[in-house]
């Protein structure tokens with residue numbers, strides 16, 4: 001299963017080059033990650049309510065094109081790695097069917113004090129279940 | 001006493017009009033407020049460490065000009081109202097000596113649960129002391 | 001006619017108080033303004049393609065409550081003043097049916113050089129037509 | 001030569017985890033890049049005034065720690081690759097002497113229409129000259 005997110009470019013997301021500032025792609029990837037986690041019925045808000053956090057420990061983005069105010073953004077999200085202590089997401093960002101960026105975010109599971117912990121098995125199974133079968 | 005803050009426009013703060021997006025003026029006013037509170041030796045971080053928050057309950061800004069990437073921003077900050085349960089700050093934002101905006105932020109003192117409380121008398125006296133005498 | 005906008009709080013919009021930072025309300029009001037202008041078939045992007053800009057010259061917001069990650073935001077937008085050289089929008093921001101903020105943005109019509117100009121009569125008539133009849 | 005940038009964490013940069021949101025590291029790296037380019041007497045603003053842009057085509061960041069409101073951030077910046085059509089910057093981000101992140105941004109030189117072009121030799125020589133000699 002691949003999660004799909006749609007959002008409209010906000011004016012504030014553009015910069016003086018007339019295109020979306022590259023940092024906003026990280027905001028969109030976060031929205032896409034929220035949608036991915038919600039697709040099977042649980043949510044990142046539930047995850048946080050257990051005293052857990054999915055802290056970002058790495059990001060990479062390759063920009064292949066640009067987006068402008070008025071564009072509608074589509075994001076395809078999948079979980080490429082998942083284990084009890086962390087996860088890696090992969091994103092494809094498109095304007096219509098034109099690919100403008102691909103990227104990853106790598107995450108560590110922590111408690112509210114930032115200490116690395118394991119997520120409960122129900123959450124690990126949930127995330128294993130909702131990601132694309134190609135990774136099994 | 002009026003507090004003075006200097007900062008450089010960041011590229012990310014500009015938008016597709018080629019000028020700084022109006023929402024960033026609120027970020028700058030917040031930096032200026034941090035500097036104002038620090039000017040007499042205490043800081044907003046100390047305020048928060050007492051379990052207190054200075055929550056924003058109102059803002060107004062009049063934009064009289066624009067700022068661009070490369071501009072150096074000067075902000076003059078003063079506290080126009082102060083009482084145990086709240087405060088109002090006033091800001092003048094300039095590019096060199098050209099006034100580009102004036103604004104106010106109104107604040108409520110709360111605890112970490114968002115409940116309105118009084119600030120300790122030492123903080124009230126500190127803030128009364130560091131603001132411009134013209135308001136007494 | 002009152003325009004309605006729905007959006008989900010993004011994690012990046014929260015701050016260390018655990019609630020949405022007040023500056024993001026200006027981003028949401030901008031999204032709501034975009035939606036308002038689109039409701040009758042034209043768009044702000046069309047407006048810009050005529051060499052026109054609707055520059056923000058004033059904002060005010062009264063914050064009556066807070067929003068958190070996971071909240072769904074509803075915004076009701078109307079145009080309270082409209083003339084050839086400018087416009088004023090009014091916004092009501094809600095979490096479900098709980099009002100958390102009201103605000104205005106005041107705008108000047110300019111060309112791409114920032115000079116005040118009149119909007120074409122077709123645009124003036126369009127905006128007069130799509131706003132709520134209570135203002136007539 | 002390595003360029004050094006100092007900046008204070010802004011409250012708006014924090015999120016509900018109580019730490020700086022990971023996307024803001026890209027804003028800081030941009031400020032650091034601006035400072036790096038200015039260190040020898042030219043500036044990115046001058047670069048843009050020639051009709052050139054240094055578009056971001058790739059970013060990667062490894063987060064090794066976190067920053068909080070009140071922290072002072074130090075950034076060390078260097079140019080690890082430079083040729084007429086592009087450049088790669090490397091950044092070390094510290095809170096005092098604690099390393100919290102390292103990252104790269106990769107850039108393409110374009111004209112204002114986004115077409116890949118070569119930078120003038122005076123700019124290429126300038127950038128070659130101000131970077132650390134270890135890369136030669």
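Between residue C:81 and residue B:118, with labels modelled 7 Å along Cα→Cβ, what's the label distance in nm to one decimal, could you check?
Calculated label separation equals 4.1 nm.
What ranking do A:30-36, D:124-130 get when scored by the average of other Cβ atoms within 10 Å per residue, highest first?
A:30-36, D:124-130
Between copies, how far apart are the residue A:114 label points? List them in nm, one decimal, shortest first, with each point 7 Å from Cα toward Cβ, please?
2.6, 3.9, 4.1
Classify the stretch A:67-136: rounded, prolate or oblate, from the alpha-carbon gyration tensor (a ≥ b ≥ c, eigenvalue square roots; a/c under 1.5 rounded; otherwise prolate if a/b is larger than b/c)?
Prolate shape, in that a/c is at least 1.5 and a/b is the bigger ratio.
Taking the label point as lying 7 angstrom from Cα along the Cα-to-Cβ axis, what are the distances from residue C:38 to the corresponding position in the remaining copies, in ascending order and in nanometres?
1.8, 3.8, 4.1
May I ask you to report, in nm to one decimal and beginning with the shortest, the distances from residue D:64 to the same position in the other copies, taking label points 7 Å along Cα-to-Cβ?
Between copies, matching label points for residue D:64 lie 3.2, 4.8, 5.0 nm apart.
For the stretch D:62-124 and the stretch A:73-136, what is the separation of their Cα centres, given in Å?
Centre-to-centre distance over Cα atoms comes out at 26 Å.
To test your reading of the geometry: what angle, between 0 and 90 degrees and rounded to tens, separates the Cα axis of helix D:24-38 from the longest principal axis of chain D?
Taking Cα atoms only, the helix is inclined about 40 degrees.
With each pseudo-label sitting 7 Å past Cα toward Cβ, what's the residue A:134-residue A:50 distance in nm, one decimal?
Label at residue A:134, label at residue A:50, 2.8 nm between them.
Taking Cα atoms, how many degrees apart are the long axis of helix B:121-130 and the longest axis of chain B, rounded to 10 and kept between 0 and 90?
40 degrees
Need one number for chain A: average projected area of the convex hull over its C-alpha atoms, nm².
Its average projected convex-hull area is 8.5 nm².
Take the alpha-carbon positions of the stretch A:12-63, form their convex hull, and give its projected area averaged over all directions (one quarter of the hull surface) in nm².
The orientation-averaged projected area of the Cα hull of the stretch A:12-63 comes to 5.0 nm².
Please work out the Kirkwood hydrodynamic radius for the protein assembly as shown, using every pair of different C-alpha atoms, and report it in angstroms with one decimal place.
It works out to 24.7 Å.
Tell me whether the stretch A:24-101 comes out rounded, prolate or oblate; compute the Cα gyration tensor, take square roots of the eigenvalues as a ≥ b ≥ c, and use a/c under 1.5 as the rounded threshold.
Prolate, since a/c reaches 1.5 and a/b exceeds b/c.
Taken together, the values in this text are just the output of simple stated rules run on the coordinates, not laboratory data. The model shown is predicted, which means the values in this text are computed figures rather than measured ones. For neighbour counting, all protein chains shown are included, and Cβ atoms are generated from backbone atoms with ideal geometry for every residue, glycine included.
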